[in-house]
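The values are calculated or read from the model by the stated rules, or taken from the named source; none is laboratory data. As the structure is a prediction and not an experimental result, all values here were calculated from the model. For neighbour counting, all protein chains shown are included, and Cβ atoms are generated from backbone atoms with ideal geometry for every residue, glycine included. Each accessible area value is taken on the protein alone, full model and side chains, heavy atoms only, with ligands, DNA and RNA left out. Shrake-Rupley method; radii C 1.70, N 1.55, O 1.52, S 1.80 Å.
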There are 2 protein chains.
Amino acid sequence: MEQKYPSALLEKAVGEFSRLPGIGRKTALRLVLHLLRQEPQFTVTFADSLTGLVQGVKYCKVCHNISDSEVCNICSHPKRDPSLVCVVENIQDVMAIENTQQFNGLYHVLGGVISPMDGIGPSDLQIASLVERVAAGGIREVILALSSTMEGDTTNFYIYRKLAASGVKLSVIARGISVGDELQYADEVTLGRSIVNRVEFDGKY
Amino acid sequence: MEQKYPSALLEKAVGEFSRLPGIGRKTALRLVLHLLRQEPQFTVTFADSLTGLVQGVKYCKVCHNISDSEVCNICSHPKRDPSLVCVVENIQDVMAIENTQQFNGLYHVLGGVISPMDGIGPSDLQIASLVERVAAGGIREVILALSSTMEGDTTNFYIYRKLAASGVKLSVIARGISVGDELQYADEVTLGRSIVNRVEFDGKY
């Protein structure tokens, strides 16, 4: 049912808020009324932080991650290994891998995966710049860390084809049983892969 | 685990977004990255609608609902009955009752209910202004339409005490079995009230 808002300003704010993904009109109204219960400065600061971001955002010219400078903190870090490049879909994936503290190389943010259903082709992604980056030399291994989905696999294969001639070592992240999972509840494809891709065990992890 | 953001601007925007109720840092990041995928104008319009609201919002001086003018559209409507006043907690409740199209009187928005646990006393609500409004005359019935909770009941009783001397007719909205509910699943308090407060049946609803 169409809602009747008591104020055009309120209706506009709710309408704008509900254009965000996962936020319906009821949630939008709740959030907007929350803003109205705060000091106006709260909302001004909130709004400024968003416009400040979209107007001031930069993307690292090397890895295409969000950055405050031309080259991001990771790419310009003196102690990271520039010969190791991890290819990921998006910024959240960079943050997730950084949180593991298991990777000391650089990244390459594709900006998504190939998905014909969504109209996303290779030219919409940072694949050409990855090929250039490898061609420029100094990279010994490219790690593909994309989602374990049809689209991720397609993208992995596309990149494999593009980089095969360069002679760079290509690897994909391991797929197998999640840490903490019980075997009997794992799906058979994952379990099968974890057996095929078993690793030598020397008594420690 | 603490997240490391690749940009201070991004971190600030995510931080501000996650101050909203029900929005954690992961959701905030997802929303902010969505904004970054849109044209900057999208975010500017969004931000402007919020600051425009909090800086331009007015509250009706009669019923305290959000309004674009001194007196809201409902209070100034020539075809509505000003002798009937429905007391509600908040703006969403006004919208919910308006959607039923069953009420043709005016409203009085309290701005909450008495809740000592949350530090909300009668003086934090628009109760004094309700008493004044009734004392000014012209009101024949005050309908209490508050939540069916301990706090709502407390507030109902407080208002009853304040208005008892005025001689105005007081009523509360009916509590009973929801339309579409099966009797066997109703809680016993609700079912008991629905029997005590049964209404005469003349063959139609």
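Counting only other chains, what is the mean number of Cβ atoms within 10 angstrom of the Cβ of each residue in peptide A:61-73? Kindly include the intermediate steps, with their values, before the conclusion.
Details: counts 0, 0, 1, 0, 2, 8, 5, 7, 1, 0, 0, 2, 3.
Other-chain Cβ atoms within 10 Å of each residue's Cβ, averaged: 2.
Each DSSP beta bridge with both residues in region A:31-139 is either parallel or antiparallel, and the antiparallel ones are about 40%.
What shape does region A:80-174 take by its C-alpha gyration tensor, where a ≥ b ≥ c are the square roots of the eigenvalues and a/c under 1.5 counts as rounded, a/b above b/c as prolate, and the rest as oblate? Cα axes put region A:80-174 in the oblate bin.
Take B:G138, move 7 Å from Cα toward the beta carbon, and the resulting point lies 7.8 nm from the same point in each other copy, nearest first. Amide H to amide H, with H built 1.01 Å from N, A:L146 comes under 5 Å of A:I173, counting only residues 5 or more places away or on other chains. Computed over protein heavy atoms with a 1.4 angstrom probe, the accessible surface ordering of B:S115, A:S178, largest first, is A:S178, B:S115. Look at the stretch B:24-31: the mean tally of other chain Cβ atoms within 10 Å of its residues' Cβ atoms is 2.
Each copy carries a label point for A:D187 at 7 Å from Cα toward Cβ; from one copy, the others' points are 4.1 nm away, ordered from shortest. Gap in Å between the Cα centre of region B:68-125 and the Cα centre of region A:155-184? Between the Cα centres of region A:155-184 and region B:68-125 lies a distance of 60 Å. Taking springs between alpha-carbon atoms closer than 10 angstrom, which of B:P122, B:P78, B:P40 fluctuates most in the Gaussian network model of chain B? Ranking B:P122, B:P78, B:P40 by mean-square fluctuation puts B:P40 first. Simple point charges give the picture: +1 on the Cβ of Lys and Arg, -1 on the Cβ of Asp and Glu, and for chain B a dipole about the Cα centre of about 280 debye.
The loop-placed GluC sites (Glu not before Pro) in region A:119-205, going by DSSP, that have at most 13 neighbouring Cβ atoms within 10 Å of their Cβ come out as A:E182, A:E200.
Put simply, the amide H of A:K58, placed in the peptide plane, has neighbours under 5 Å in A:S67, leaving out anything fewer than 5 places away on its chain.
Local charge sum around B:Q55 (other residues, Cβ-Cβ under 14 Å, Lys/Arg +1, Asp/Glu -1)? Net charge in that neighbourhood comes out at -2. Short-range pairs are left out: with C-alpha atoms under 8 Å and at least six residues apart, the relative contact order of chain B is 12 percent. Springs between Cα atoms under 10 Å define the GNM used for chain B, and in it the highest mean-square fluctuation of B:S18, B:S49, B:S83 occurs at B:S18.
Shape analysis of the protein assembly as shown yields a ratio of the Cα radius of gyration to the Kirkwood radius, Rg/Rh, of 1.13.
Looking at the protein assembly as shown only, what percent of DSSP beta bridges run antiparallel? Nearest 5 please.
Counting DSSP beta bridges with both partners in the protein assembly as shown, the antiparallel share is about 20 percent.
If contacts are Cα pairs under 8 angstrom and at least 6 residues apart, what is the relative contact order of region A:140-205 in percent? List each step's numbers first, then the result.
Numbers: 40 pairs, mean separation 20.4, N = 66.
Result for region A:140-205 is 31 percent.
Dividing the Cα radius of gyration of chain B by its Kirkwood radius returns 1.08 for Rg/Rh. When chain A is treated as a Gaussian network with alpha carbon springs shorter than 10 Å, the biggest mean-square fluctuation among A:R25, A:R140, A:R175 belongs to A:R25. Computed over protein heavy atoms with a 1.4 angstrom probe, the accessible surface ordering of A:R193, A:R19, B:R37, largest first, is B:R37, A:R19, A:R193. Measuring from the axis that maps chain A onto chain B, the chain A residue with the nearest beta carbon and its rounded distance in angstrom come out as A:A47, 2.
Using a cut-off of 11 Å between beta-carbons, work out the net charge of the residues near B:V142 (Lys and Arg +1, Asp and Glu -1, B:V142 not included).
Value of the local net charge: +3.
Each copy carries a label point for A:N73 at 7 Å from Cα toward Cβ; from one copy, the others' points are 4.8 nm away, ordered from shortest. Computed on protein heavy atoms with a 1.4 Å probe, the accessible areas place A:I23, B:I177 in the order B:I177, A:I23, largest first.
Less than 5 angstrom separates the built amide H of A:I120 from those of A:S115, all sequence-distant by 5 or more or on a different chain.
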